[in-house]
1. Anything in the stretch 218-250 that is among the hydrophobic types (A, V, I, L, M, F, W, C) and over 28 Å from Leu126 (Cα atoms)? List them, or say none.
2. What number of residues in the stretch 240-278 are more than 30 Å from Val202 (Cβ to Cβ), modelled with pLDDT of 85 or more and open to solvent by 40 Å² or more (accessible area, probe 1.4 Å)?
3. Can you pull out every residue in the stretch 118-156 that is surrounded by fewer than 24 Cβ atoms within 10 Å (Cβ to Cβ) and in contact with a Pro (Cβ under 6 Å, 6 or more places away or on another chain)?
4. Just to be sure I understand the filter: pairs with C-beta atoms under 9 Å, separated by 6 or more residues or on different chains, first member in the stretch 75-86 and closer than 11 Å to Leu332 by Cβ, second member surrounded by fewer than 15 Cβ atoms within 10 Å (Cβ to Cβ). Which pairs pass?
5. Condition (residue is open to solvent by 50 Å² or more (accessible area, probe 1.4 Å), over 22 Å from Asn330 (Cα atoms), without any contact (Cβ under 8 Å) to a residue 24 or more places away in the chain and assigned to a helix (DSSP H, G or I)) applied to the stretch 163-174: is it met by at least one residue?
6. If you check Lys134, Lys187, which single one turns out to be over 25 Å from Lys209 (Cα atoms) and either at pLDDT 90 or above or of a type outside the set (Phe, Trp, Tyr) (or both)?
7. So which residues in the stretch 318-352 are open to solvent by 20 Å² or more (accessible area, probe 1.4 Å), within 22 Å of the chain's Cα centre (by Cα) and modelled with pLDDT of 80 or more, if there are any at all?
8. Please go through the stretch 227-239 and give me each residue that is within 22 Å of Phe56 (Cβ to Cβ) and either in contact with a helix residue (DSSP H, G or I) (Cβ under 8 Å, 6 or more places away or on another chain) or surrounded by fewer than 16 Cβ atoms within 10 Å (Cβ to Cβ) (or both), ordered by number.
Amino acid sequence: MAGGLAVMGDLEANLKVADAMMFGSSELLEAVGGMWEPIFRWALDRHANGTVPDGFILLGFSDNPRLEMTLFMAVSVFYTVTLVGNTTIILLSHLDPHLHTPMYFFLTHLSILDLCFTTSCIPQMLVNFWSSDKTISYLGCAVQLYIFLGLGASECVLLLVMAFDRYVAVCRPLHYAVIMHPPLCHKLAFLVWASGVFGTLVQSPTTMKLSFCHHHQVDDFVCEVPALIRLACGDTHVNELQISVIGAIFLLGPLLLILVSYGRITQAVLAIQSQNGRIKAFHTCSSHLAVVFLFYCSVTAVYIQPRSHFSQKGGKFLTLFYTVVTPTLNPLIYTLRNKDMKRAFRRLLGKDRMSSEE
């Protein structure tokens, strides 16, 4: 229950920031607070001095209103499924003692990340699809960029941590409880969130300092780094190099280590004599591997070369995929293909029925 309350707290904080985007600077500083306050105070000072634009226009698919209405309905459904699915995973993982394992501990963090990640961008996206006003304030864009980039970097590291957990479970099953002890799991979780803070503090400030073209039209649904780099009229070689380095650290690096871990897992699975044992080991890892494939393929195509022809033409569709579709598929993959989750859900329903009869 404490985990559920924490998630609600994260959602309320995100909604508070979203509301502050539409009001004054004092409300925004109060919403972000803490370690973010100096950064946004700097942005407010630049805005007051007239060195930054008042806002941006998120074009999206504004040239196709019919498609926007279709996307509005589709994204609304996906977002609802994301909220329900991830909240269910979090509640089940905390309420059912059988799920108090490292795998579901990290799965809970993945669900929290997906909830915060989607809430940081999808409400703004839905407003743009529905309304003819596509503008977002400079400060609102900065807040969205910091949150969006930080949570994205955290998810990259979290998927690597989850791959390590699966490697230990399959390749070192007799030592699993000793290696993946609770203190190590909490340290890895701290590393996940700290890496997101590091990633966004390195990339976001330099992106917002760019000299943007006067039309201020962002050819995307959200304020993300590749789209803002394409909007810049000055020299962006340093920013492109920086995002390539950050992409190598948070995308290619973890992806390479994940592939190495699954190479070892494959060797261990093939060495299992029992066919049932091989099938069980495969199902243990297949859900995580599917999530890795969906997330990394779309994000890598956008972030490694932000000014590439493919990134410019297909960037909006890929952004739509990894901000809307992937967070929706994650809970479906982990629940529909996971017997432990199904059993936990049945046990929870069974308890509800017993209590209602009493």
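The values are calculated or read from the model by the stated rules, or taken from the named source; none is laboratory data. Quick caveat: nothing in here was measured; it's all calculated off a predicted structure. FYI the Cβ positions are ideal-geometry reconstructions off the backbone, even for glycines, and counts take in every protein chain you see. These area figures cover heavy atoms from the full protein model, side chains too; ligands, DNA and RNA do not enter into them. Shrake-Rupley method; radii C 1.70, N 1.55, O 1.52, S 1.80 Å.
1. Cys233, Val238, Leu241, Val245, Ile246, Ala248, Ile249, Phe250, listed by residue number.
2. So the count comes out to 3.
3. Residue satisfying the conditions is Tyr138 alone.
4. Pairs that qualify, where the first residue is closer than 11 Å to Leu332 by Cβ and the partner is surrounded by fewer than 15 Cβ atoms within 10 Å (Cβ to Cβ), are Val81/Leu332; Gly85/Leu332.
5. Taking every residue of the stretch 163-174 in turn, at least one turns out to be open to solvent by 50 Å² or more (accessible area, probe 1.4 Å), over 22 Å from Asn330 (Cα atoms), without any contact (Cβ under 8 Å) to a residue 24 or more places away in the chain and assigned to a helix (DSSP H, G or I).
6. Result: Lys187 is the single residue among Lys134, Lys187 that is over 25 Å from Lys209 (Cα atoms) and either at pLDDT 90 or above or of a type outside the set (Phe, Trp, Tyr) (or both).
7. Leu318, Leu320, Phe321, Val325, Leu329, Leu332, Ile333
8. Ala227, Leu228, Ile229, Arg230, Ala232, Cys233, Gly234, Asp235, Thr236, Val238, Asn239
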